[in-house]
Ligand SMILES: [Zn+2]
């Protein structure tokens, strides 16, 4: 495949289409074709295609949750033979091509190739798609947070986040939900001494006051402010131990403790 740190080809951009309360359907497109990630609802995506005279060329699915897959049937009826690429297992209706770790998704109409990274934790089938300096990671990594553990273990999620953390620092991270502001509240409880986090909170508050998206975020920033990527840091470890009232043996135990803490925060 292309060098994974290559930028997106000229003329290709990523645009957010809003759905439900706080979902983004990320659209990778040029001026003719769109590839949409996790269309939980067909209607706003079809409106976006109509408004910009774009044809839906393919759909990528990160995991089986309804708010990521609910639009597939309608989109496939509007665009017959639509490629729908996502997790294997046959549990998601409408997937036409299943992929797993290390597979490369070729999007010839956009001149893009994305490699598949398995990231179980939020769900067991969860995938991320990475290439050209961008990653679509569904509900695994959020800005200043991470997905809830619905199916996987804390060990699995921690391992998955560490896989994402090894992507280049300038990787742009396209997560599905606008959770940044509330995630920051929790991150500040874990790491009140993190000045980069305080600066980021100010920027995010301004963007949200203007009803602007806080995404994509960037890997370098997340490494500096996201407590779930900072389980090796002293303050994160000390806060986790203080919260659960017991020493924690390793990074994974710290991760598990702050994930549980966030669930009740
Ligand atoms: Zn989900």
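The values are calculated or read from the model by the stated rules, or taken from the named source; none is laboratory data. This structure is a prediction, so every number in the text was calculated from the model and none was measured. Here the Cβ is made from the backbone with ideal geometry for all residues, glycine too, and neighbour counts use every protein chain on show.
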_Near pairs, Cβ below 8 angstrom, 6+ apart or cross-chain, from region 237-249 (in contact (Cβ under 8 Å) with a residue 40 or more places away in the chain and on the phi < 0 side of the Ramachandran plot) to any residue that is assigned to a loop (DSSP other than H, G, I, E, B) and surrounded by 14 or more Cβ atoms within 10 Å (Cβ to Cβ)_ = 239/191; 240/231; 240/248
_Residue that is farthest from residue 174 (Cα to Cα) [pool: residues in region 70-81 that are in contact with a helix residue (DSSP H, G or I) (Cβ under 7 Å, 6 or more places away or on another chain) and crowded, with 17+ Cβ neighbours inside 10 Å]_ = 75
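Looking at region 122-138, which of the residues that are over 12 Å from the mean Cα position of the chain (by Cα) and within 18 Å of residue 69 (Cα to Cα) is nearest to the ligand (Cβ to nearest atom)?
By that ranking, first place goes to 123.
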*Which one of 67, 22, 38 is crowded, with 22+ Cβ neighbours inside 10 Å and within 26 Å of residue 118 (Cβ to Cβ)?*
38
*Pairs only if they're at least six apart or on different chains, beta carbon under 7 angstrom, first in region 60-75 and under 14 Å from residue 98 (Cα atoms) and away from the ligand (no atom under 11 Å from the Cβ), second at pLDDT below 95 and not in a strand (DSSP E or B); list them, first residue then second.*
none
*Could you grab me the full set of residues in region 137-191 that are assigned to a loop (DSSP other than H, G, I, E, B) and farther than 17 Å from residue 122 by Cα?*
166, 167, 168, 169, 170, 171, 191
*Kindly list, by first and then second residue, each pair from a residue in region 6-19 that is free of Cβ contacts under 8 Å to residues at least 60 places away in the same chain to a residue that is part of a loop (DSSP other than H, G, I, E, B) and surrounded by 13 or more Cβ atoms within 10 Å (Cβ to Cβ), limited to pairs with Cβ atoms under 7 Å and residues at least 6 apart or on different chains.*
11/30; 19/40; 19/41
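Take residue 158 and decide whether it is touching a residue at least 24 places away in the same chain (Cβ under 8 Å), away from the ligand (no atom under 15 Å from the Cβ) and closer than 20 Å to residue 258 by Cα.
Criteria met by residue 158.
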*Examine region 48-56 for a residue that is on the phi > 0 side of the Ramachandran plot, within 16 Å of the ligand (Cβ to nearest atom) and more than 19 Å from the chain's Cα centre (by Cα), and state whether such a residue exists.*
no
*Residues of region 76-88 being farther than 22 Å from residue 18 by Cβ and within 16 Å of the ligand (Cβ to nearest atom), which ones?*
87
*Evaluate region 229-237: report whether one residue or more is in a loop (DSSP other than H, G, I, E, B) and under 20 Å from residue 136 (Cβ atoms).*
no
*(1) over 20 Å from residue 127 (Cβ atoms); (2) without any contact (Cβ under 8 Å) to a residue 12 or more places away in the chain: which one isn't true of residue 90, the others all being true?*
(1)
*asked:* I'd like to know if region 195-206 contains one or more residues that are at pLDDT 95 or above, touching a strand residue (DSSP E or B) at 6+ places or on another chain (Cβ under 6 Å) and either outside any helix (DSSP H, G or I) or closer than 21 Å to residue 16 by Cβ (or both).
replied: no
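Taking residue 107 as the residue in question, decide whether it is away from the ligand (no atom under 15 Å from the Cβ), crowded, with 24+ Cβ neighbours inside 10 Å, in contact (Cβ under 8 Å) with a residue 12 or more places away in the chain and farther than 18 Å from residue 252 by Cα. Outline the logic, then answer.
Details: away from the ligand (no atom under 15 Å from the Cβ): yes; crowded, with 24+ Cβ neighbours inside 10 Å: no; in contact (Cβ under 8 Å) with a residue 12 or more places away in the chain: yes; farther than 18 Å from residue 252 by Cα: yes.
When the stated conditions are applied, residue 107 does not pass them.
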